[in-house]
Amino acid sequence: MTSFQIEENVPLAPLTTFNVGGAARYFVGASTENYVVKAVEFARENDLPLFVLGGGSNVLIADEGFDGVVLRMALRGIGFGAETVTAAAGEDWDDFCGQCVDRGLAGIECLSGIPGLVGGTPVQNVGAYGQEVSESIVSVRAYDLSADSVVELSNADCGFAYRTSIFNSTHRGRYIVLAVTFRLVAGGAPKIAYKDLKAEFGDRVPTLAETRDAVRRIRADKGMLVRQGGPDASSAGSFFKNPIIPEERFSEIASRFTDAPSFPAGPGRVKIPAAWMIERAGFEKGFTIGRAGLSTRHTLALTNRGNATAAEVVRLKAAIQIKIRDVFGIELEVEPVLLGF
């Protein structure tokens, strides 16, 4: 185990999937829970903001960097129990999904191939292809900065909603996720709810392994597979959330765009794909502003086309948001954290 160290002026771009942004004034690699506490104490003693960096897959860092303390989560360990599985926050998410599928544990197979670490999944209530982590999370072990103590938060405590939890909304900045406990189903069937998966398998019920492979293949086709490489790889994945709007508002859109897709999102509300809106607003795959551009495979991903600056990515983001507002009257919300702006 390495000793507790505080580094200065550490470049952050190489630690993110966007590969964009400046340096951290101070940087701590936290391989133990005690190191997490020490990093918090250092930030407080020096009156500095603290940011927890996981896999770097859901963040865009400003060109000026971050004038504070970056705590890089490096807690490791997975415990398979009789009914639950607990993974430390620093475990690679896709590797964890693979281990669970290999053991015949159903519940997160459709979330395979997503970049990032386990600790980031409850924060955003990560979801894809008809599945969300909130469906299988039992509890989250976290350091409560308000109480200066480690707490166990139940699924209900986490306030999960679409791409939302207390960790990124009502209690943003209060908790540092240390570990997540899941209840998965031994020998369970995969969840085949997403249209691409239904088309893949038809009436046949696939194995968990077949489902994981299909999900990873679909993500690769869209340029959104973890460690995929290639010209579209430097991104934060889906940059915008799919808007959830009232049914009446969608009816207005559908009257102008007869191909407008939608999905149920609760009583009187529907979800409309942001990628479809972006394309209908006139942005094509591969559209660029400077060295930032849309993925050549999927318009929902903003990418670093080579030595892009954060400012260029932000200009592209703003151009899309303005056009969507003009065409649809909807404000697109971003998924990644914008750090240092």
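The values are calculated or read from the model by the stated rules, or taken from the named source; none is laboratory data. Keep in mind that what you see is a predicted model, and the values were worked out from it rather than measured. Cβ placement follows ideal geometry from the backbone for every residue including glycine, while neighbour counts extend to all protein chains displayed. Remember, those area values only see protein heavy atoms, side chains included, never the ligands or the DNA or RNA. Shrake-Rupley method; radii C 1.70, N 1.55, O 1.52, S 1.80 Å.
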**OP:** Could you grab me the full set of residues in segment 73-87 that are in contact with a Gly (Cβ under 6 Å, 6 or more places away or on another chain) and either part of a loop (DSSP other than H, G, I, E, B) or surrounded by 22 or more Cβ atoms within 10 Å (Cβ to Cβ) (or both)?
**Re:** M73, A74, L75, R76
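Yes/no matrix, rows are residues, columns are (1) modelled with pLDDT of 95 or more; (2) buried (at least 17 other Cβ atoms within 10 Å of the Cβ); (3) within 17 Å of the chain's Cα centre (by Cα):
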| residue | (1), (2), (3) |
| --- | --- |
| T296 | no, yes, no |
| A301 | no, yes, yes |
| A308 | yes, yes, no |
| E312 | yes, yes, no |
| L316 | yes, yes, no |
| E331 | yes, no, no |
| L338 | yes, no, yes |
| F341 | no, no, no |
Subject >> Options G119, G68; residue that is open to solvent by less than 20 Å² (accessible area, probe 1.4 Å) and part of a strand (DSSP E or B) >> reply: G68
**OP:** Give the residue that is most open to solvent (accessible area, probe 1.4 Å), with candidates limited to residues of segment 174-187 that are in a loop (DSSP other than H, G, I, E, B), in contact (Cβ under 8 Å) with a residue 60 or more places away in the chain and closer than 30 Å to E33 by Cα.
**Re:** R183
Subject >> Residues (of a type outside the set (D, E), surrounded by fewer than 23 Cβ atoms within 10 Å (Cβ to Cβ) and closer than 15 Å to V85 by Cα) located in segment 122-135 >> reply: S134
Original post:
Of N125, N155, N58, which residue is in contact with a strand residue (DSSP E or B) (Cβ under 8 Å, 6 or more places away or on another chain) and closer than 22 Å to F27 by Cα?
Top reply: N58
**OP:** Enumerate the pairs (first residue in segment 109-135 and more than 19 Å from N242 (Cβ to Cβ); second residue anywhere and acidic (D, E) and in a loop (DSSP other than H, G, I, E, B)) with beta-carbon separation below 6 Å, excluding pairs fewer than 6 apart on the same chain, so at least 6 apart or on different chains.
**Re:** V118/E91
**OP:** Considering each residue of segment 188-236, count those that are part of a strand (DSSP E or B) and touching a Gly at 6+ places or on another chain (Cβ under 6 Å), and give that number.
**Re:** 0
Original post:
Any residue at all in segment 88-97 that is of a type in the set (D, E, K, R), assigned to a helix (DSSP H, G or I) and buried (at least 16 other Cβ atoms within 10 Å of the Cβ)?
Top reply: yes
